[in-house]
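For reference, the structure is listed below as structure tokens.
The values are calculated or read from the model by the stated rules, or taken from the named source; none is laboratory data. Everything quoted here is computed from the prediction, not taken from an experiment. Every residue, glycine among them, receives a Cβ derived from its backbone with ideal geometry; neighbour counts consider all protein chains shown.
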Amino acid sequence: MISRLLVANRGEIAVRIIRACREMNIETVAVYSVADEKSLHVKLADKAVCIGPAPSSRSYLDKNALITVAIKTGCEAVHAGVGFLSENADFARKVQKAGLIWIGPSPEIIDLLGDKIQARATAQKNGLPVTPGTNGAVNDMEEAKLFAKNCGYPVIIKAASGGGGKGMRIVYKETELEENCKIASAEAEKNFSDSTIYIEKYLENPRHVELQILADGKGKVAILGERDCSVQKNHQKLIEESPSPSVTTEMRKKMYDGARNLFASLKYCGAGTIEFLVNKNDFYFMEVNARVQVEHPVSEFVSGVDIIREQILVCIGENMETDPEKVELKGWAIEARINARTPGTIKNLEIPSGPGIRFDSFLYNGYTVVPFYDSMLAKLIVHNVNRERAIKRLESALKELRIDGIQTNIDEQLKILNTKQFKSGNFGTSLYAELEKSGVLK
């Protein structure tokens, strides 16, 4: 067991890691930008070090500064959480080169899975279906046009190193293809320092379903159920639930078998997520997130597994406590992401409580929300015996939640929960846009 770990992140995920480490008797060192001096993760860590000014490029993304802090404070391992450098293979290599333990899969695996073109090919080798797409990167526009014509419009252009909707363009006719390829490539270069793009057939209004996995690096893979993340605004998830109301028993078995083969063959170590698009009775591999996900508490509720604890254990060389053959999933869990619409100071924070309610956040009364980072303030997660009762519990908890002093999306989440479409469980990734168009969301 290690004695001290650097938390190379901020916000609610930093708080989550610190709390897990406390239970494991691991001391934590937090880093913070000047803007985050009074953030909750700074207060909770055993030690905190200022890493730089507010811009993330000069603080949370400063690889050398992070490693210097880790070494000077006597840390043995680095946990990068989600976002920022959590899937950065170069940072993982620097961490390991400095003699520190990287809490995550190897840099080589991050490289392989981070390149979505290579990831598609790897998934196919392991028997997973993929959406029809170009055979590699788009380098020739005439070939791109021929592919799009043969597979049929609409098509979607994606960044090979992309994520979060950046470097992504949907094209409905040939006259728009070339210009959108240029725009997507430029966006990819700007956001990921890699202009490589590829094209896939665009599935209109599919479900977005992902599997939560834990693996020990020796071929043992535990699957903690699937999550449905189809409620999205501009490709950003808003509501996640487990299990998915759209996945059949037969489809689930195929997904699980394919995922086990993939992660076992890679000798993957740590927590990870494999994402699929579901279209009626078919599903297609989309990508792997080689890290813990924002929505991991949903899977923790239905499985009873502490994913952060397991992630740390396997990456420091300890045995995984979860037996893949004995994972038992119970009930239904739903998470609502609470986002800020304006910066400001929290004047009155009232957190709901009761059976099956969890609130992951970095907020407290008097805390000032700064405008420099991701807008997510908190995650409100509930668990109950079935979907209908879980929805009702989340509705009740959202009505109890008060975050005065800033504008949030709490009312919007309540409106989504109370639509016939959401309650029926029969919807796809276009739900948010449909509700906007109908006037339910304004």
| field | Residue selected from the stretch 122-162 under the condition part of a strand (DSSP E or B) and in contact (Cβ under 8 Å) with a residue 60 or more places away in the chain, by the criterion nearest to PRO206 (Cα to Cα) | value | VAL130
| List pairs: first in the stretch 295-316 and in the same structural domain as THR273 (by TED's automatic domain parsing) and surrounded by fewer than 22 Cβ atoms within 10 Å (Cβ to Cβ), second modelled with pLDDT under 95 and not in a helix (DSSP H, G or I), Cβ under 8 Å, 6+ apart or cross-chain? | ILE316/MET1
| task | Output the residues belonging to the stretch 201-234 that are of a type in the set (D, E, K, R) and either surrounded by 22 or more Cβ atoms within 10 Å (Cβ to Cβ) or under 17 Å from the mean Cα position of the chain (by Cα) (or both). | result | ARG207, GLU210, ASP216, GLU226, ARG227, ASP228, LYS233
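Table: residues versus (1) in contact with a helix residue (DSSP H, G or I) (Cβ under 8 Å, 6 or more places away or on another chain); (2) surrounded by fewer than 19 Cβ atoms within 10 Å (Cβ to Cβ); (3) not small (Gly, Ala, Ser).
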position: TYR364; (1), (2), (3): yes, yes, yes
position: MET376; (1), (2), (3): yes, no, yes
position: ILE391; (1), (2), (3): yes, no, yes
position: LYS399; (1), (2), (3): yes, yes, yes
position: ARG402; (1), (2), (3): no, yes, yes
position: ILE406; (1), (2), (3): no, yes, yes
position: ASN409; (1), (2), (3): no, no, yes
position: ASN418; (1), (2), (3): yes, yes, yes
position: LYS423; (1), (2), (3): yes, yes, yes
| query | Any idea which of (1) of a type outside the set (Gly, Ala, Ser); (2) touching a Phe, Trp or Tyr at 6+ places or on another chain (Cβ under 6 Å); (3) farther than 25 Å from TYR373 by Cα is the one ILE2 doesn't satisfy? | reply | (2)
| message | Can you find, within the stretch 164-180, the residue that is nearest to the chain's Cα centre (by Cα) among those that are touching a residue at least 12 places away in the same chain (Cβ under 8 Å) and outside any loop (DSSP other than H, G, I, E, B)? | response | LYS166
| query | Are any of the residues in the stretch 210-231 part of a helix (DSSP H, G or I) and not hydroxyl-bearing (Ser, Thr, Tyr)? | reply | no
| For GLU395, all conditions in the list (1) touching a Pro at 6+ places or on another chain (Cβ under 9 Å); (2) free of Cβ contacts under 8 Å to residues at least 24 places away in the same chain hold save one; what is the number of the exception? | (1)
